[in-house]
Amino acid sequence: MANGGGGGGGGGGSSLRMSSNIHANHLSLDASSSSSSSSSSSSSSSVHEPKMDALIIPVTMEVPCDSRGQRMWWAFLASSMVTFFGGLFIILLWRTLKYLWTVCCHCGGKTKEAQKINNGSSQADGTLKPVDEKEEAVAAEVGWMTSVKDWAGVMISAQTLTGRVLVVLVFALSIGALVIYFIDSSNPIESCQNFYKDFTLQIDMAFNVFFLLYFGLRFIAANDKLWFWLEVNSVVDFFTVPPVFVSVYLNRSWLGLRFLRALRLIQFSEILQFLNILKTSNSIKLVNLLSIFISTWLTAAGFIHLVENSGDPWENFQNNQALTYWECVYLLMVTMSTVGYGDVYAKTTLGRLFMVFFILGGLAMFASYVPEIIELIGNRKKYGGSYSAVSGRKHIVVCGHITLESVSNFLKDFLHKDRDDVNVEIVFLHNISPNLELEALFKRHFTQVEFYQGSVLNPHDLARVKIESADACLILANKYCADPDAEDASNIMRVISIKNYHPKIRIITQMLQYHNKAHLLNIPSWNWKEGDDAICLAELKLGFIAQSCLAQGLSTMLANLFSMRSFIKIEEDTWQKYYLEGVSNEMYTEYLSSAFVGLSFPTVCELCFVKLKLLMIAIEYKSANRESRSRKRILINPGNHLKIQEGTLGFFIASDAKEVKRAFFYCKACHDDITDPKRIKKCGCKRLIYFEDEQPSTLSPKKKQRNGGMRNSPSSSPKLMRHDPLLIPGNDQIDNMDSNVKKYDSTGMFHWCAPKEIEKVILTRSEAAMTVLSGHVVVCIFGDVSSALIGLRNLVMPLRASNFHYHELKHIVFVGSIEYLKREWETLHNFPKVSILPGTPLSRADLRAVNINLCDMCVILSANQNNIDDTSLQDKECILASLNIKSMQFDDSIGVLQANSQGFTPPGMDRSSPDNSPVHGMLRQPSITTGVNIPIITELVNDTNVQFLDQDDDDDPDTELYLTQPFACGTAFAVSVLDSLMSATYFNDNILTLIRTLVTGGATPELEALIAEENALRGGYSTPQTLANRDRCRVAQLALLDGPFADLGDGGCYGDLFCKALKTYNMLCFGIYRLRDAHLSTPSQCTKRYVITNPPYEFELVPTDLIFCLMQFDHNAGQSRASLSHSSHSSQSSSKKSSSVHSIPSTANRQNRPKSRESRDKQNATRMNRMGQEKKWFTDEPDNAYPRNIQIKPMSTHMANQINQYKSTSSLIPPIREVEDEC
């Protein structure tokens, strides 16, 4: 088959003369021999009778070829032509006969059918039987042929393994035959060869025998034999297979048309697809273009090589020229590219005629194929390789929204130097190649960062980045997208694809909307117990803002705690110095030493703070109950009833991970007398040292003197035997269980009320102005009917946590578009004390109607931020609203006086009372006269827009967000600070659980599953189990102006305050909210405050400080509010209301409360009687024109307590209570 070909002239026979030295690779040309040969072949008979002195082909004694050297190229060509046209004639003849037979049978069938109808059924038995036998014979013959045809089709089909092997083998042998042609092209076109001695001829013969068998299989399997006969592959076989058999018979070889084997290269892409090598469309297209171009190029070069070395037949092959095959390849490439150097050109007429037609098609092919090939090669993914795992080094895969901003923020936190050795390689996977800036960022971190172009939705790309061996996969979300639901859907699809490829991989993904987290629970392999986490940005963002409503500045402190910040030292005594010292603190976890086993949490917390210079705020607790032993809970400041177990994990606030190791290395025997915490390192003692039950001495003598004999005070360390809420409910819990009213949700984590229609909570401007709102939260929301929902439920839920008593709940008033709030109302209608004022936050009339000057916090949100392309204008609404509020002026007569004039002053507070008038006029809480003093927190999308919030600050526009004054003061919050949670969660998944516990008010995976089912909280009856969930810590702010810690507020040490609050009230202090100009010697009118996180023991306090603390739940607060209280900072900042500064539970009242059932019943009866009297004044009646659930609070609790101190009589003013919900 390799020798086959068609006729295009003999191998230069007419001009070749035999010499004494015949070279195998080339025959010399002689002009004299050419002329004698021309004269000898002038007649047609000279072909059969050549002269002996004019040999045409080389002859040797070893090869029994024609001694006269007669050319036989026509025999090779004739074999191919006879095969092709003979087969074509037979096929056409068969089709003609078959057509005639079908026509005859059709006519005969009609005649027989007519006879059958005419003859009737009498002759049916005699005539039909032979017909049936013939039909059965024909059917059997057809069935046999069909089986053979199906078998042949299976053999050549690439759908089966046998077919694929056969197809690949045929292609490989075709390439082998083409290689043999390349080797033989250096020999003469026609020469004598001995089949038994020529090794290449034997191999070529074997190949062509195989091609002949494969041709037979293809012929049998073909449905249309005519079209099969005319196929390119069939034509190649016709002109290559028969000549090889002729060459064996004639003992001579003719190069001929064997170059047609190059056309098999066209199938190269199909072969690679059969082998599953080519999978992408670009690669298939590239291989197709290359194979067509190369096969056409090589085939055309073979034809030029044949005709140029043979010459024109009508010129008696006299005008030939000796060209090698590769020179012909060069000639065609120069011709196709239109360069045409002229060094090699065609001399024969056939060659030139072929070049005329080839240059038309070749030029068109070159002009279209080559640019497309270059484009495909140029578009080849620069980052299309595969990740090679490094032994002993873990790697993570980061995908999703990969941009310069998201990657830089992620790497800045992930690779921070404060972390222990980060032996993790980061592999980024994204379907878009990085731009120059992002590429430069990757190059700067090339030792730990690699980028690959691809998609996690493609299993092939997941295999490239070795997702099955990755330690985790992190999915980043586009926080600034216009359609948050679509972005969440994309990330959920990424999770599904990754989990489908490898179900055991740990995934940490960012989600924008809280309600989309429910879709992750539908993924079977999603398991939060195994480390899978979803960081919901809306939930955490609004949760941080909600906590700022309870303790202003807390959002800044928490955001700084889980972000890795380097320590920036400032020598000047400015507020930035103390702020930056706190910014360098982060959240860490470490297992506690066995030296702490058996000690209570406050004892260990004090020891860590004083001795180890560490602040421990929570532990991971393993329950002793068998059914809940496998479930680990994170307890924040659990109190003195809990003892430390072996292997307890502690949560610490420290500036370095190495500092936290002290809690693990601490040994009482070795480190008890060490004063320098840096010397506390691992010792050789056994790690099983238990303290006795008595409290150890953890303070140095100098610190004891600072405490002023605090340890000798009988009430400084009270023995509080707290009851187990699961077994012995307190009085307040008993009262709740006695009633059948559903006050909490089914989990007991949040206050709940029956669903309310939105019309019942809508206030008009006049109704809002007549309703005295004080100590409430105003939420200014920008949005319309087409805005994306931001999930206001996440803002309300922390403010309705069940660890607040009902009277402690702050009333929430939404000011915004009613169309938008109607869309959000479905998730808000189960929360009490919520009202809506339709309007716009830019309207001062609306803001005055809701008494914004008397609010505890004003929150400014916008749902339209991501709909604007210009980033600098994304926050325009929030900035305008903030500046509008700050520029407002208020009359100081607004407040209690206005409330009294409207007739809403409660009993005992009436100005007309002669006993109360002087006291009332002296102690009335001063109202805010300027909007600058209103506590505001503004949500921003673009960090750089923070410069527009404060006009009096000197922040540089390029300053990072955490260094700006509004963020340090807690008046601005941007969602970008939550990016650090991805890294923090990867290194320690407990950090996210702790943050969510602090921020969301107690949201649990069980609650999320419930919300996923019903999209709303479900009310539940109060049981000991659900009421026990109220017994958890909450964040509060403690004022030092007066109260039990007033003596420490003037020059005292923060460490003394920490120890006293922890021992006396189980309150855990963790920061200070200080006036910005408190360090100045001269008084300042500025009321701005900033956050100081975890100050050291020796840090000096000032009277105006507010202390961030974790306060225990007070079971007695619901019964009596006459316990020990402390004042707000109204004297120095009238922006802070008393309701935002919490009262401290009285340990004396808790210890000395009645124990007997009779005294308790009497107390309950007295309380119920008093509550009934109060409800006469405060309960909304059906006839009341004002909507329900409005907190009528003209005077704060703190004000009432102050008035009680000035009353001369023994009768005190009853505690002020809010309107109860009728749920």
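The values are calculated or read from the model by the stated rules, or taken from the named source; none is laboratory data. Not measured: the values here are computed from a predicted model. With ideal geometry, Cβ positions are generated from the backbone for all residues, glycine too; neighbour counts draw on all protein chains shown.
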Can you tell me which residue is surrounded by the most Cβ atoms within 10 Å (Cβ to Cβ) among those in the stretch 476-488 that are touching a residue at least 24 places away in the same chain (Cβ under 8 Å) and in a helix (DSSP H, G or I)? 488
So which residues in the stretch 393-414 are in a helix (DSSP H, G or I) and buried (at least 19 other Cβ atoms within 10 Å of the Cβ), if there are any at all? 406, 407, 409, 410, 411, 413, 414
In the stretch 489-518, the residues that are farther than 12 Å from residue 535 by Cβ and assigned to a loop (DSSP other than H, G, I, E, B): 502, 503, 504, 505, 506, 513
Residues that are among the hydrophobic types (A, V, I, L, M, F, W, C) and either buried (at least 16 other Cβ atoms within 10 Å of the Cβ) or within 21 Å of residue 293 (Cβ to Cβ) (or both), drawn from the stretch 348-366: 350, 354, 355, 356, 357, 358, 359, 360, 363, 364, 365, 366
Given the conditions (1) under 30 Å from residue 887 (Cα atoms); (2) more than 33 Å from the chain's Cα centre (by Cα); (3) in a helix (DSSP H, G or I), report the number of the one that residue 950 does not fulfil. (3)
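This table checks each residue for (1) on the phi > 0 side of the Ramachandran plot; (2) surrounded by fewer than 24 Cβ atoms within 10 Å (Cβ to Cβ); (3) free of Cβ contacts under 8 Å to residues at least 60 places away in the same chain.
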| position | (1), (2), (3) |
| --- | --- |
| 747 | no, yes, no |
| 755 | no, yes, no |
| 767 | no, yes, no |
| 776 | no, no, no |
| 785 | no, yes, yes |
| 788 | no, yes, no |
| 797 | no, no, no |
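Against the condition modelled with pLDDT under 90 and of a type in the set (Lys, Arg), how does residue 541 come out, does it pass? Step through it out loud before you land on a result.
On the way: modelled with pLDDT under 90: no; of a type in the set (Lys, Arg): yes.
Here the answer is no, as residue 541 does not meet what is asked.
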For the subset of the stretch 421-459 comprising residues that are within 20 Å of residue 495 (Cβ to Cβ) and among the hydroxyl-bearing types (Ser, Thr, Tyr), which member is surrounded by the most Cβ atoms within 10 Å (Cβ to Cβ)? 452
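Residue check: is residue 255 over 29 Å from residue 96 (Cβ atoms), crowded, with 18+ Cβ neighbours inside 10 Å and in contact (Cβ under 8 Å) with a residue 40 or more places away in the chain? Quick ask: steps written out before the conclusion?
Values: over 29 Å from residue 96 (Cβ atoms): yes; crowded, with 18+ Cβ neighbours inside 10 Å: yes; in contact (Cβ under 8 Å) with a residue 40 or more places away in the chain: yes.
So residue 255 passes the test.
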Failed condition for residue 400, given (1) on the phi > 0 side of the Ramachandran plot; (2) free of Cβ contacts under 8 Å to residues at least 40 places away in the same chain: (2)
Selection within the stretch 178-207 - more than 23 Å from residue 294 (Cα to Cα), assigned to a helix (DSSP H, G or I) and of a type outside the set (A, V, I, L, M, F, W, C): 200, 202
Can you pull out the helices (runs of 4 or more DSSP H) entirely within the stretch 713-799 that have at least 3 residues that are modelled with pLDDT of 85 or more? 765-770, 793-799
Give the stretch 971-1008 a look and list any residue that's touching a helix residue (DSSP H, G or I) at 6+ places or on another chain (Cβ under 8 Å) and modelled with pLDDT under 80, or say none. 1001, 1003, 1005, 1008
When the stretch 299-317 is checked residue by residue, the ones that are out of contact with any Ser or Thr (no Cβ under 6 Å at 6 or more places or on another chain) and surrounded by fewer than 23 Cβ atoms within 10 Å (Cβ to Cβ) are 299, 303, 313, 314, 315
For the structure I just gave you, tell me whether residue 418 is in a helix (DSSP H, G or I) and buried (at least 16 other Cβ atoms within 10 Å of the Cβ). no
Within the stretch 218-247, restricting attention to residues that are among the hydrophobic types (A, V, I, L, M, F, W, C) and crowded, with 19+ Cβ neighbours inside 10 Å, which residue is nearest to residue 71 (Cα to Cα)? 246
Looking only at the stretch 834-890, filter to residues that are among the hydroxyl-bearing types (Ser, Thr, Tyr) and assigned to a strand (DSSP E or B); which one of those is surrounded by the fewest Cβ atoms within 10 Å (Cβ to Cβ)? 835
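Which of the residues spanning the stretch 1020-1038 are among the small types (Gly, Ala, Ser), modelled with pLDDT under 90 and either crowded, with 22+ Cβ neighbours inside 10 Å or touching a strand residue (DSSP E or B) at 6+ places or on another chain (Cβ under 9 Å) (or both)? Spell out how you get there, then give the answer.
Step one: of the stretch 1020-1038, the residues among the small types (Gly, Ala, Ser) are 1020, 1022, 1028, 1036.
Now drop any that are not modelled with pLDDT under 90, which leaves 1020, 1022, 1028.
Residues satisfying the conditions are 1020, 1022.
Please go through the stretch 454-466 and pick out each residue that is part of a helix (DSSP H, G or I) and more than 10 Å from residue 399 (Cβ to Cβ). Outline the logic, then answer.
Step one: filter the stretch 454-466 for residues part of a helix (DSSP H, G or I), giving 459-464.
Result: 459, 460, 463, 464.
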When you check residue 943 against the structure, is it of a type outside the set (Ser, Thr, Tyr), at pLDDT 50 or above and over 30 Å from residue 538 (Cα atoms), yes or no? no
Any residue that is farther than 17 Å from residue 1071 by Cβ and surrounded by fewer than 22 Cβ atoms within 10 Å (Cβ to Cβ) - is there at least one of those in the stretch 541-553? no
